[in-house]
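Taken together, the values in this text are just the output of simple stated rules run on the coordinates, not laboratory data. From a predicted model like this one, the values you see are computed outputs, not experimental measurements. With ideal geometry, Cβ positions are generated from the backbone for all residues, glycine too; neighbour counts draw on all protein chains shown.
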Amino acid sequence: MTLTMGDSISPFLFMDKNKLPQHVAIIMDGNGRWASARGLGRTQGHMEGVKRIQEIIKTAHDIGIKFLTIYAFSTENWKRPSDEVSMIMRTFIAVLGQKAKDLGRNGIRINFIGRRTGVPDEVLKAIDQAVHLTMNNSSMTLNIAFNYGARAEIIDAVKSIVSLAREDKLNADSIDEQLISSHLYTRGQPDPDLLIRTSGEERISNFLLWQLSYAELYFTDKCWPDFTESEFHKALDNYTQRERRWGTIRVPG
Ligand code: IPE
Ligand code: IPE
Ligand code: MG
């Protein structure tokens, strides 16, 4: 077999490293379809998906991405069959228990974004331990969106702003973009520069509605268990070639 240039050379070698995103958000979709295309159960799709999560976290960290936000379980995912939901909860507890130390050793800070209400106690315990174990790290923040919904997040932000107003700590005139951002689960973090969604679906599915206002969107047909390091490199390479305008006009040259 002859090896062509395209087979062996990663786009990572050529991409403009100065243009890499600071914050990448990922909707990891397609575990179920990946499994059923292979005659496997959905559980196996989720298990294979977990392996890709670990690889993509490592790649993002090694490249120097400062914030990585992954959508692990949405406020809508409770509508799935109860055996799938409990399988996801069990896997989540097990993986966090096994991997939080490793991530911590690599300087990664684990942060959870989502509503605690409704999450089983054992899951909350695993979350709190992982957060505590990695709280002093700063090389990359890994936001795990769990029981996350952007509308729930905005509702929670409005509630906390209203309670400050009730205590006379702010008035309507002081409500601006910065104030709202500072009441979201991602407070203190830059908005995502790049959103990746796998599996061919091209929708936001209640993810980071406020924060994605000016993100570049990248959709791939690959299901999440097929989203390897080289697929991630392709997405990053594509991002480095985008021109972000922020409402202004194109800068010539
Ligand atoms: C994403 O894969 C994982 C979660 C939402 C937890 P899916 O489970 O949504 O896979 P598809 O979309 O059914 O293929
Ligand atoms: C979005 O995927 C949620 C996660 C990846 C956790 P879904 O598979 O739940 O989204 P829809 O239902 O296809 O919009
Ligand atoms: Mg899906």
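Values for this structure:
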read-out: Check: the chain dipole with +1 on Lys, Arg Cβ and -1 on Asp, Glu Cβ, in debye; value: 280
read-out: Interchain or long-range residues, amide H under 5 Å from Thr69's placed H; value: Val24, Ala25, Ile26, Asn143
read-out: Euclidean distance of C-alpha centroids, segment 180-212 and segment 69-114, integer Å; value: 18
read-out: Computed over the chain: relative contact order in percent, which uses C-alpha pairs under 8 Å that are six or more apart; value: 29
read-out: Residue among Asn77, Val158, Leu40 farthest towards the positive dipole end of the chain, charges placed on Cβ; value: Leu40
read-out: Estimated vicinal HN-Hα couplings, Hz - segment 17-33 in sequence order (Karplus 6.51, -1.76, 1.60; Gly, Pro = x); value: 5, 6, 9, 5, x, 7, 10, 10, 10, 10, 9, 7, 10, x, 4, x, 5
read-out: Segment 135-253 shape via C-alpha gyration tensor axes, a/c threshold 1.5; value: prolate
read-out: Length released on extending from Thr43 to Lys101, taking residue separation times 0.36 nm less the Cα-Cα span; value: 18.4 nm
read-out: Placed amide H near Ile110: partners under 5 Å, 5+ positions off or other chain; value: Thr134, Leu142
read-out: Added length on full extension, which subtracts the Cα-Cα distance from 0.36 nm per residue, Ala94 to Glu167; value: 22.1 nm
read-out: Kyte-Doolittle mean at least -0.5 and Cα axial length at least 15 Å: DSSP H helices in the chain; value: 82-105, 121-134, 150-166
read-out: Global geometry of the chain, whether rounded, prolate or oblate, following the gyration tensor of its Cα atoms and the 1.5 cut on a/c; value: oblate
read-out: Per-residue Cβ neighbour rank within 10 angstrom, fewest leading, Ile53, Ile175, Ile26, Ile249; value: Ile249, Ile175, Ile53, Ile26
read-out: Stretch gain in nm, segment Gln178-Asn18, where the contour uses 0.36 nm per residue and the Cα spacing is subtracted; value: 54.9 nm
read-out: Anisotropy class of segment 1-115 from Cα gyration tensor, a/c 1.5 cut; value: oblate
